[in-house]
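First the structure, in the form of structure tokens, and then the observations on it.
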Amino acid sequence: MDGVSWHLACVRCGENYPGLELRYRCDCSGTLDVIQDLSKCELTREILDSRMASKNPLDRSGVWRFRELILPLGDEELEKIAAARGEGTTNLYDASTIGTEVGVENLWLKHEGENPTGSFKDRGMTVGITVAKLLGMSAVACASTGNTSASMASYAAISSMDGLIFIPEGKIAFGKLSQALAYGAKTIQIEGDFDDAMALVQEICDSEGIYLLNSINPFRIEGQKAIGYEIMQDLDWQVPDWIVLPGGNLGNNTAVAKGLLELLEIGVIDRLPRIAVVQAAGANPLYTAWSKGTDIQSVKAETIATAIKIGNPVSWRKSMRGITALDGVVTEVTDNQIMDAKALVDSVGIGAEPASCATVAGIKRLVAEGVIGPDEKVVGMLTGNLLKDPDIVVNYHMSELEGIESHRANAPISASANIDDIRRIIRQ
Ligand SMILES: *Cc1c(COP(=O)(O)O)cnc(C)c1O
Ligand SMILES: [Zn+2]
């Protein structure tokens, strides 16, 4: 597989490595980036729009539609090997009702919870699994408490690979755990925390010849770039003023920024949006480092939004680079603000999991602070499906979440099986 038009480069020291080499870190232990050679890329808006009417599975996928920017192997090769299953192509909702509540006239919500396994992780996973196949691997692994393992388990099974998942002790959203088990991944619960699970999975992958699909894997970033591409295409290539999204391990904001810079480079868009990354106040290492202008310091993470409950994000260097390039900002919101924003997003019929709704809480805060102007065009990203964490939803509406005031509770109403009682309740 020589002659691929990308290579790997160390984020820390700049050392280069071949594009399809089995390695996750530089010899200096820095993380790696995929560097695309775009000098011969001839992708245009017209080509991309024509693919929207095609029946080719690559074109129908909201990741592989942009293949020249993601894993440019040529159509013939990709038609044989790509793990494409219609990921992406998610709705961009006109969310002006929510916009009115948070103070912006033009608000859209890109719902990544509409992916095959219910989160944007599928976009990175389809590329990661495809690379695993290219490298001749037959098993894949990750350490994850959530959507990454759900996605990996499904994509591994669909590609006839073995999936191995390491989970730490403690709270796991049942929707996510149930997916990992249901899709048949070997799931190992470690007596330890996430960092222990991380260390073990890396060692096991090295010694057992298993491909590692944790967020350190640079090809997942390549797939996630397509969220930004799709937003631009959804808006008929009219670049919005802001893209706002939650940040945990910071892979997603890294991906969106990298992707849009590349789209600008090949001339498909003519300017860049700004980017805003929203962290939970209890898991805010990027916000702290950003505000103080320092390197990242890990924190002990605590938030109800488990998908962004990360105290030691691996991709922070790449992440900061992207935020700077897109003239971005970082903010934080409390768990109560996240849950109230979630109740709002849910109540208009769109719905998303808690971490996703940090987006809307963040927009509200940034508008109140005058960072986002009321007449600016804002796209918020909803990262995961409402059904991932049903316990939290029910407990919120029953006002039974510890430390949370349920300002938008919609509790079930008990009634006797009596028609007059029920009429009275309905007419209230
Ligand atoms: C993974 C995930 C995030 C965080 O994305 P990062 O790339 O880790 O910053 C946010 N929301 C949901 C639903 C996720 O699954
Ligand atoms: Zn290096």
**Complete:** Taking only the Cα positions of region 299-428, the convex hull volume per residue in Å³ is 150 Å³
**Theoretical FRET efficiency, 1/(1+(r/R0)^6), r = Cβ-Cβ of Glu369 and Phe174, R0 41 Å, to 0.05** = 0.70
**Request:** Kindly provide the helix-only [θ] at 222 nm of the chain, computed as the sum of -39,500 (n - 2.57) over DSSP H runs of four or more divided by all residues, to the nearest 500 deg cm²/dmol?
**Result:** -12000 deg cm²/dmol
**Item:** Amide H contacts under 5 Å for Val330, placed H, 5+ residues apart
**Value:** Val277
**Request:** Pull out the extension gain between Glu405 and Ser96, defined as 0.36 nm times the separation in residues minus the alpha carbon to alpha carbon distance; nm, one decimal.
**Result:** 108.7 nm
**Message:** Nothing charged except the Cβ atoms of Lys and Arg (+1) and of Asp and Glu (-1): what's the magnitude of the dipole of the chain about its Cα centre? Round to the nearest 20 debye.
**Reply:** 240 debye
**Asked** When the chain is fully extended, how far beyond the present Cα-Cα distance does Asn418 get from Gln238, taking 0.36 nm per residue of separation?
**Response** 59.2 nm
**Asked** Applying 1/(1 + (r/R0)^6) with R0 = 51 Å to the Cβ-Cβ distance of Ile425 and Leu264, what FRET efficiency is obtained, to the nearest 0.05?
**Response** 0.35
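Multiply the residue separation of Lys80 and Met52 by 0.36 nm, subtract the distance between their alpha-carbon atoms, and state the gained length in nm to one decimal. Can you show the working numbers first?
On the way: separation 28, 0.36 × 28 = 10.08 nm, distance 2.06 nm.
This chain segment gains 8.0 nm when fully extended.
How big is the chain by the Kirkwood estimate over distinct Cα pairs, in Å?
Roughly 22.0 Å, rounded to one decimal.
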**FRET efficiency estimate (nearest 0.05) - Cβ-Cβ, Ser138 to Glu302, R0 41 angstrom** = 0.60
**Request:** Round to a whole angstrom and tell me the spacing of the C-alpha centers of region 354-428 and region 70-134.
**Result:** 25 Å
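No lab work stands behind these numbers, since they all come straight from the coordinates. Note that the coordinates shown come from a computational prediction; the quantities given were computed from them, not determined experimentally. Positions of Cβ are backbone-derived with ideal geometry, glycine not excepted, and every protein chain shown enters the neighbour counts.
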